[in-house]
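The values are calculated or read from the model by the stated rules, or taken from the named source; none is laboratory data. What you are looking at is a predicted structure, and each value in this text was computed from that prediction instead of being measured. Glycine gets a Cβ as well: all are built from the backbone with ideal geometry, and neighbour counts include every protein chain shown.
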């Protein structure tokens, strides 16, 4: 059976692909393909179509395993070809590490989703799940540190009307990311941490990303940001489900 978390993860990829097809471009900071690359537009359409098809396939029983594998591979190529070179060129810029972590978290979600829907033995599936969980947990620590490294920007994303203040929520969500990451890495209250993380990502979508889209529905950045957040919410949900399955 395809879990709801796997379905949401697939819908996030489908949304990201549809955004790419609508703009004929890559997803900006999440897919930093150089502007001068030969055949860039055609490649953008091809990647967007692959994301959309794989995301849709993940929601169908017969093609779910293939869809999960393709998504993990696509996001993995993004890590290797796009973000890792930026880290190599600017190792002291924390934002480049954050870019790796965002894509690697999606790779982890795809790998764990694949383990849950593919016909694997218990032992191989367990190994894939644990590697995915550890990878996802490490990414969360990077997410949390990014909140502190870029506190002013993070605070600016918080709705100004939300008490007790924007800076408070920037600190709190940064600490929550790190706590969730450490819980998943250690296995201590890991399932609870992953569930709460999923809820937090969903709240980000409702309070941060959706209002930006409503304010400017013509912005490529706003559409891509919503799609990425949906995919990360699905990935967190997949990780939460994986702990329940292990238990």
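Would you check which residues across region 64-94 are in a helix (DSSP H, G or I) and more than 21 Å from residue 49 (Cβ to Cβ) and list them? Of everything in region 64-94, those that are in a helix (DSSP H, G or I) and more than 21 Å from residue 49 (Cβ to Cβ) turn out to be 83, 84, 85, 86, 87, 88, 89, 94.
Those residues that are part of a helix (DSSP H, G or I), out of contact with any helix residue (DSSP H, G or I) (no Cβ under 6 Å at 6 or more places or on another chain) and either free of Cβ contacts under 8 Å to residues at least 12 places away in the same chain or more than 24 Å from residue 189 (Cα to Cα) (or both), I need them from region 107-129; list them, please. Quick ask: steps written out before the conclusion?
Just the residues of region 107-129 that are part of a helix (DSSP H, G or I), to begin with: 107-117, 122-129.
Right, trim to out of contact with any helix residue (DSSP H, G or I) (no Cβ under 6 Å at 6 or more places or on another chain) and you get 116, 122-124, 126-127.
Within region 107-129, 122, 123, 124, 127 qualify.
Is one or more of the residues making up region 45-61 free of Cβ contacts under 8 Å to residues at least 12 places away in the same chain, in contact with a helix residue (DSSP H, G or I) (Cβ under 6 Å, 6 or more places away or on another chain) and either surrounded by 18 or more Cβ atoms within 10 Å (Cβ to Cβ) or under 20 Å from residue 1 (Cβ atoms) (or both)? No, region 45-61 has no match at all. Of the listed requirements (1) modelled with pLDDT of 95 or more; (2) outside any helix (DSSP H, G or I); (3) surrounded by fewer than 21 Cβ atoms within 10 Å (Cβ to Cβ), residue 41 misses just one: (2).
Within region 207-247, restricting attention to residues that are assigned to a helix (DSSP H, G or I) and over 19 Å from the mean Cα position of the chain (by Cα), which residue is farthest from residue 23 (Cα to Cα)?
Residues of region 207-247 assigned to a helix (DSSP H, G or I): 207-215, 220-246.
If we keep only those that are over 19 Å from the mean Cα position of the chain (by Cα) too, we end up with 211, 214-215, 244-246.
On the way: 211: 21, 214: 18, 215: 19, 244: 39, 245: 39, 246: 41 Å.
Across region 207-247, the extreme among qualifying residues is 246.
Working only within region 117-176, note down all residues that are exposed (fewer than 14 other Cβ atoms within 10 Å of the Cβ) and within 30 Å of residue 61 (Cα to Cα). Matches in region 117-176: 119, 121, 122, 123, 124, 127.
Residue count for region 180-223 under the criterion of being more than 19 Å from residue 155 (Cα to Cα), surrounded by fewer than 18 Cβ atoms within 10 Å (Cβ to Cβ) and free of Cβ contacts under 8 Å to residues at least 24 places away in the same chain: the result is 12.
Any residue at all in region 156-165 that is assigned to a helix (DSSP H, G or I), over 16 Å from the mean Cα position of the chain (by Cα) and closer than 17 Å to residue 204 by Cα? The answer is yes; a qualifying residue exists. Among the conditions (1) under 22 Å from residue 101 (Cβ atoms); (2) surrounded by fewer than 18 Cβ atoms within 10 Å (Cβ to Cβ); (3) in contact (Cβ under 8 Å) with a residue 24 or more places away in the chain, residue 34 misses just one, which is (3).
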